[in-house]
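The values are calculated or read from the model by the stated rules, or taken from the named source; none is laboratory data. All of these numbers come straight from a predicted model, not from anything done at the bench. So basically every Cβ, Gly included, is an ideal-geometry build from the backbone, and we count neighbours across all protein chains shown. For accessibility, only protein heavy atoms count, side chains too; no ligands or nucleic acids. Shrake-Rupley method; radii C 1.70, N 1.55, O 1.52, S 1.80 Å.
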Amino acid sequence: YGDRQHRPWEETWEEIGEIAASLRNGAGNILIPAFAVGRTQSVLYTFKKHFKEWDLNRWQIFLDSPMAIRATKVYLKHTELYDEEAAKVWRNVDKEPLLPNLRYSKTSQQSMQINKIQSGAIIIAGSGMCNGGRIKHHLKHNIWRSDCHVVIVGYQAHGTTGRALVDGAKEIRLWGESIRVAAKIHTVG
């Protein structure tokens with residue numbers, strides 16, 4: 001983390017907005033491997049803040065991580081701890097959904113159903129470095145498709161599947177099987 005200069009948050013949000021805009025007319029799904037605590041909530045906060053601007057209402061958004069779902073509920077219970085800007089974004093979450101098109105995927109059966117969707121899904125799933133969790137299943141069903149996208153939003157350690165994607169791997173291994181990487185990989189600081 002400390003061996004490089006990180007760009008300002010506003011530039012990061014602009015980049016995510018550019019990715020969303022470029023996908024408005026596209027097909028496929030967007031996968032976001034995210035750590036269950038902290039990073040997932042940052043992604044959801046950003047989606048809520050830029051929901052209209054990024055035209056996110058045209059997507060089905062899935063939070064596919066039981067731990068991230070529980071952590072998000074804790075974040076939502078303690079909005080009094082947010083700064084003024086964040087408080088504005090989260091205000092009234094108890095009266096209306098966090099995002100109108102956000103679905104929590106708690107069970108493995110619900111997670112498997114997501115993989116039947118060929119286009120129009122944004123899937124936020126653990127693990128953040130793609131070495132475990134439900135993201136591996138979503139990668140298996142989407143990474144070989146050229147109309148899909150993977151948005152990397154966190155640090156990827158050497159030797160992880162996430163790092164291989166960031167470094168431009170042409171294929172990855174999941175459960176002993178080699179799978180071609182055709183999806184577009186976006187790395188967002």
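Among the residues of segment 130-153, those that are within 22 Å of residue 13 (Cα to Cα) and within 12 Å of the chain's Cα centre (by Cα) comprise 149, 150, 151, 152, 153. Close contacts from segment 98-113, counting a first residue that is assigned to a helix (DSSP H, G or I) and a second that is among the small types (Gly, Ala, Ser) and open to solvent by less than 100 Å² (accessible area, probe 1.4 Å), with Cβ to Cβ under 6 Å and a gap of 6+ residues or different chains, come to 111/105.
Candidates are the residues of segment 122-132 that are within 19 Å of residue 181 (Cβ to Cβ) and touching a helix residue (DSSP H, G or I) at 6+ places or on another chain (Cβ under 7 Å); the one that is surrounded by the fewest Cβ atoms within 10 Å (Cβ to Cβ) is 131. Applying a threshold of 8 Å to beta carbon distances and a minimum spacing of six or more residues, or different chains, the list of pairs starting in segment 30-46 at a residue that is closer than 9 Å to residue 71 by Cβ and among the β-branched types (Val, Ile, Thr) and ending at one that is at pLDDT 90 or above and open to solvent by 10 Å² or more (accessible area, probe 1.4 Å) reads 37/67; 37/71; 40/65; 40/71; 40/126.
Looking at residue 135, is it in contact with a helix residue (DSSP H, G or I) (Cβ under 8 Å, 6 or more places away or on another chain), touching a residue at least 40 places away in the same chain (Cβ under 8 Å) and open to solvent by less than 10 Å² (accessible area, probe 1.4 Å)?
When the stated conditions are applied, residue 135 does not pass them.
Contact map, segment 139-166: first residue over 13 Å from residue 31 (Cα atoms), second residue among the polar types (S, T, N, Q) and in a strand (DSSP E or B), Cβ cut-off under 6 Å, separation 6 or more or different chains; pairs are 166/187. Only one of the numbered conditions (1) assigned to a loop (DSSP other than H, G, I, E, B); (2) in contact with a helix residue (DSSP H, G or I) (Cβ under 6 Å, 6 or more places away or on another chain); (3) not small (Gly, Ala, Ser) is violated by residue 145, and that is (2). Residues in segment 85-129 that are at positive phi and either among the small types (Gly, Ala, Ser) or modelled with pLDDT of 95 or more (or both): 1 in all. Residues that are within 17 Å of residue 19 (Cβ to Cβ) and either of a type in the set (A, V, I, L, M, F, W, C) or touching a Cys at 6+ places or on another chain (Cβ under 9 Å) (or both) within segment 37-49 comprise 43, 44, 47, listed in sequence order.
Yes/no matrix, rows are residues, columns are (1) aromatic (Phe, Trp, Tyr); (2) touching a strand residue (DSSP E or B) at 6+ places or on another chain (Cβ under 9 Å); (3) over 25 Å from residue 19 (Cα atoms); (4) open to solvent by 70 Å² or more (accessible area, probe 1.4 Å):
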{"position": "51", "(1), (2), (3), (4)": "yes, no, no, no"}
{"position": "63", "(1), (2), (3), (4)": "no, yes, no, no"}
{"position": "71", "(1), (2), (3), (4)": "no, no, yes, no"}
{"position": "74", "(1), (2), (3), (4)": "no, no, yes, yes"}
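No other residue among 185, 172, 152, 179 is of a type in the set (Val, Ile, Thr), in contact with a Pro (Cβ under 9 Å, 6 or more places away or on another chain) and either open to solvent by less than 70 Å² (accessible area, probe 1.4 Å) or closer than 19 Å to residue 62 by Cβ (or both) apart from 152.
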